[in-house]
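What follows is a set of notes on a single structure, which appears directly below.
The values are calculated or read from the model by the stated rules, or taken from the named source; none is laboratory data. Keep in mind that what you see is a predicted model, and the values were worked out from it rather than measured. Cβ: placed from backbone, ideal geometry, glycine included. Neighbour counts: every protein chain shown. For accessibility, only protein heavy atoms count, side chains too; no ligands or nucleic acids. Shrake-Rupley method; radii C 1.70, N 1.55, O 1.52, S 1.80 Å.
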Amino acid sequence: MSKQFFRVINLRILLAGLVFLFVMAVLAGCGDSIQTSSPARPTATAPAATPTSNPTTAPATTPAEKQPVVVIPPATVTPFSIEGPTATPAATIPPVPTGPTVTAPASTPISSNPANTPQSSPNTPVATPQNNGTTANAGPPPATTPPSGQPNGSKQSASGVIFYLKDNALMVNVTGEKAPRQVADKVFSYAQAGAGRVVFLQQSGGGTTRTMQLKMTGLNNGQLQESVLDTRLFETLPAGQQTDRPSGLYGVDTRSMGEIAVSPDGSQVAYTKANLSGPTFEGMSTNEKPTELWLANLDPANPSPKRLAPNDKDYIAQPLWSPDGNRIAFIRTTAFGTGAGYATALWSVYKDGSRLAFLTGPDLGEVGGEAFSAHPAFNLRWVNPHTLTFQANNQADFPIFLHDLSLGRDFPVALATDAAPGAVYCDGIQRFIYLKTDDGGQTQPGAFSVGLTNPANQTGTVDKEAAELYGCEGNNLLYLTAKNQVVLARLNSNGTAAASKSLAIDQGPDVQVLAKLAPGGKLAAVQSGKITRVLADSGQITDLKTGSFKYETLNLEWVSDKALVGLAFNTDQPDQILAANLAGEQVFKAVDEGKTLIFAGPDRTAKGNF
């Protein structure tokens, strides 16, 4: 009985199992399924960030992977002191939020006794931080895109327009017009701004109080249109305090006044301006007024002058734009010397007023056990957006130094310690060409070259007979040899000559040879005695006729790669300004004459005889 009972139970269990399997098969056939895990969540995709439009700086690019990003805290500067039109501060450059972060110290403002800033004595022009070779003062190079082409208002010279100073009046000569026109009187200095525009300092007012104003004039459909960019740069001292010293009229050394630097795209101008409300300091004389660095837009409707570098202790001078138009370098000094040299320090600031920083000088460190100093620094040049080069007056030597702002070091790198004054830079091959000095400081024949990297392994001889350097454009070098030949040489990447063309000079004992290289480096104007010639890189030589003009000295300056200006000087006759169009008659023609004529080519400031 019990065995039969278990057989029935087993049979029922087996039958139930078969029914269960049948039901599951039917459900599967109907397409149902049983989910045994949670569904995968879709990956959230962040939308691409749209760069914010910034009129000052192009959007920053993303650094390479694993490259540290240096975050620069905003500089603590004195708020803008507004004079004239309302100043509108530009947007600061935001840090790129990628990669590991390295924090650099904020840049140091120029002000009296700022926190953590050593003070300068009356004999020292600038407060120099302790040089430890590691301080990140200036921040990394800006990650920006240089402007393409030449936008409207660029520094390209307007065809057929020549600005010049005649007896302290600013004049303009326009091709096709019968006579030059006066732009303004009582002009202290001017600089060309391209596209038929000029920026200048003009003395205004009368009586006992006179001021200097910053103005701009441009040609529009043949009409001169003048606008005021800043109303009060300098102001004369009270009559009883005026002297005949360099600072005796305005309380500011005239050698620090009137310097004008137009931005690479022609949209802004950097200039120096007296701190009229600040304390005075002791320079060449007592009670001299400090100068500051300012910026204005070359827009008559919106000049918006603003202060970039406040200063109450010394002079700011020689503003120089970086090639990308983002940064401005300048020197600081308490005096400009009387021939024995003067100490200078180099600083820089971004055009929006941020990252105001000490760079180097007067102490430049030691090279091979010899101490070097900048007394003064001169021949300043940006070789790229974050690298500044200069020569230093160091007693008998004039060494070439390179300062990479992205490294954050106080001491620069010496490229050549035995260079003579007047080294030239060939941007096409990134090399300096220089002559050397002997132990007595005398320039010796022989041109040498040095690269920007590994200078000890990248020096070479260019020409053992070279006696004077005139300039370099791209990789075309212009120089004079000891055998009285002007040479236009095309250089290889290592600084050696690949090809050259020469012009023999019949040089007497009292004849000076002057030569100028045209923009682009394809032509060279050569002046020797009463003869002016143009040497082309093809070897062609063209005589420029001077007609009946008589002169003892003719200084040459290129207006463009086809137009040449000459300033003719005589001891017993008025000065003359001449112009020649190489695409036309190739003859010098008279433009004007006067007691004193001054002309400035592109990227230069001309100062009058105030």
**Prompt:** Can you name the residue in segment 286-322 that is in a loop (DSSP other than H, G, I, E, B) and hydroxyl-bearing (Ser, Thr, Tyr) and is also most open to solvent (accessible area, probe 1.4 Å) among such residues?
**Reply:** Thr286
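Just the residues that are without any contact (Cβ under 8 Å) to a residue 40 or more places away in the chain and assigned to a loop (DSSP other than H, G, I, E, B), please, taken from segment 465-477.
Glu465
A quick yes/no check of all residues on (1) in contact (Cβ under 8 Å) with a residue 24 or more places away in the chain; (2) in a strand (DSSP E or B); (3) buried (at least 24 other Cβ atoms within 10 Å of the Cβ); (4) not small (Gly, Ala, Ser):
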site	(1), (2), (3), (4)
Gly325	yes, no, no, no
Phe330	yes, yes, yes, yes
Gly337	yes, no, no, no
Tyr342	yes, no, no, yes
Asp352	yes, no, no, yes
Arg355	yes, no, yes, yes
Gly365	yes, yes, no, no
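Restricting attention to segment 568-600, report how many residues are open to solvent by less than 60 Å² (accessible area, probe 1.4 Å) and either touching a helix residue (DSSP H, G or I) at 6+ places or on another chain (Cβ under 7 Å) or touching a residue at least 24 places away in the same chain (Cβ under 8 Å) (or both). Give the derivation first.
Residues of segment 568-600 that are open to solvent by less than 60 Å² (accessible area, probe 1.4 Å), as a first pass: 568-570, 575-580, 582, 584, 587-588, 591-592, 594, 596-600.
Right, trim to either touching a helix residue (DSSP H, G or I) at 6+ places or on another chain (Cβ under 7 Å) or touching a residue at least 24 places away in the same chain (Cβ under 8 Å) (or both) and you get 576-580, 582, 587-588, 591-592, 594, 596-600.
So the answer is 16.
Scan segment 367-380 residue by residue and report those that are open to solvent by 10 Å² or more (accessible area, probe 1.4 Å) and either of a type in the set (S, T, N, Q) or within 20 Å of Arg604 (Cα to Cα) (or both). Break it down into steps so the answer makes sense when it comes.
Of all residues in segment 367-380, those open to solvent by 10 Å² or more (accessible area, probe 1.4 Å) come to 367-371, 373, 375-376, 378-380.
Those that are open to solvent by 10 Å² or more (accessible area, probe 1.4 Å) and either of a type in the set (S, T, N, Q) or within 20 Å of Arg604 (Cα to Cα) (or both): Ser373, Pro376, Phe378, Asn379, Leu380.
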**Prompt:** What residue, among those in segment 430-464 that are within 25 Å of Gly520 (Cα to Cα) and of a type in the set (D, E, K, R), is most open to solvent (accessible area, probe 1.4 Å)?
**Reply:** Asp463
**Message:** Just the residues that are open to solvent by less than 10 Å² (accessible area, probe 1.4 Å), touching a Pro at 6+ places or on another chain (Cβ under 8 Å) and part of a loop (DSSP other than H, G, I, E, B), please, taken from segment 397-429.
**Reply:** Asp410
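Answer yes or no as to whether Ser277 is under 26 Å from the mean Cα position of the chain (by Cα) and either in a strand (DSSP E or B) or at pLDDT 90 or above (or both). Write out each step before concluding.
Working: under 26 Å from the mean Cα position of the chain (by Cα): no; either in a strand (DSSP E or B) or at pLDDT 90 or above (or both): yes.
No: the conditions fail for Ser277.
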**Fill in**
Per the filter on segment 367-396, residues farther than 24 Å from Ile429 by Cβ and outside any strand (DSSP E or B) are Gly368, Gly369, Ala374, His375, Pro376, Asn393, Gln395, Ala396
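Just a yes or no: is a residue in segment 572-593 of a type in the set (Val, Ile, Thr) and under 30 Å from Phe188 (Cβ atoms)? Walk me through how you get there before you give the answer.
To start, the set of residues in segment 572-593 that are of a type in the set (Val, Ile, Thr) comprises 577, 587, 591.
After this cut, where a residue has to be under 30 Å from Phe188 (Cβ atoms) as well, the list is 577, 591.
Yes: one or more hits.
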**Complete:** Exception for Leu544 within (1) more than 31 Å from the chain's Cα centre (by Cα); (2) loosely packed, with under 15 Cβ neighbours inside 10 Å falls at (2)
**Prompt:** Do any residues in segment 272-285 that are touching a residue at least 40 places away in the same chain (Cβ under 8 Å) and open to solvent by less than 60 Å² (accessible area, probe 1.4 Å) have Cβ atoms under 8 Å from those of residues that are among the basic types (Lys, Arg) and not in a loop (DSSP other than H, G, I, E, B), where the two are at least six apart or on different chains, and which pairs are they?
**Reply:** Lys273/Arg307; Leu276/Arg232
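In segment 232-265, which residues are among the aliphatic types (A, V, I, L, M) and in a loop (DSSP other than H, G, I, E, B)? Spell out how you get there, then give the answer.
At the first step, the residues of segment 232-265 found to be among the aliphatic types (A, V, I, L, M) are 233, 237, 239, 249, 252, 257, 260-262.
Those that are among the aliphatic types (A, V, I, L, M) and in a loop (DSSP other than H, G, I, E, B): Leu237, Leu249, Val252, Met257.
Taking segment 547-567 as the region of interest, how many residues are over 30 Å from Arg490 (Cα atoms) and open to solvent by less than 50 Å² (accessible area, probe 1.4 Å)? I'd like the intermediate steps shown before the answer.
Here is the first cut: in segment 547-567, the residues over 30 Å from Arg490 (Cα atoms) are 547-552.
Cutting the leftovers down to open to solvent by less than 50 Å² (accessible area, probe 1.4 Å) gives us 549, 551.
Residues meeting the conditions: 2.
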**Message:** Looking only at segment 545-567, how many residues end up being more than 18 Å from Val172 (Cα to Cα), among the aromatic types (Phe, Trp, Tyr) and in contact (Cβ under 8 Å) with a residue 40 or more places away in the chain?
**Reply:** 1
**Item:** Which numbered condition Gln444 fails, given (1) in contact (Cβ under 8 Å) with a residue 60 or more places away in the chain; (2) in a strand (DSSP E or B)
**Value:** (1)
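Residue by residue, here is whether (1) part of a strand (DSSP E or B); (2) surrounded by fewer than 20 Cβ atoms within 10 Å (Cβ to Cβ); (3) among the charged types (D, E, K, R) holds:
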{"site": "Tyr190", "(1), (2), (3)": "yes, no, no"}
{"site": "Phe200", "(1), (2), (3)": "yes, no, no"}
{"site": "Gln203", "(1), (2), (3)": "yes, no, no"}
{"site": "Met212", "(1), (2), (3)": "yes, no, no"}
{"site": "Thr217", "(1), (2), (3)": "yes, no, no"}
{"site": "Glu226", "(1), (2), (3)": "yes, yes, yes"}
{"site": "Asp230", "(1), (2), (3)": "yes, no, yes"}
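When you look at Pro246, is it crowded, with 19+ Cβ neighbours inside 10 Å, at pLDDT below 90 and farther than 30 Å from Pro385 by Cα, yes or no? Working first, answer last.
Numbers: crowded, with 19+ Cβ neighbours inside 10 Å: yes; at pLDDT below 90: yes; farther than 30 Å from Pro385 by Cα: yes.
Considered against the rule, which asks whether it is crowded, with 19+ Cβ neighbours inside 10 Å, at pLDDT below 90 and farther than 30 Å from Pro385 by Cα, Pro246 comes out as yes.
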**Request:** State the number of residues belonging to segment 307-326 that are touching a Pro at 6+ places or on another chain (Cβ under 7 Å) and among the basic types (Lys, Arg).
**Result:** 1
**Request:** Could you please let me know if Pro238 is farther than 20 Å from Thr291 by Cβ, touching a residue at least 12 places away in the same chain (Cβ under 8 Å) and surrounded by fewer than 20 Cβ atoms within 10 Å (Cβ to Cβ)?
**Result:** no
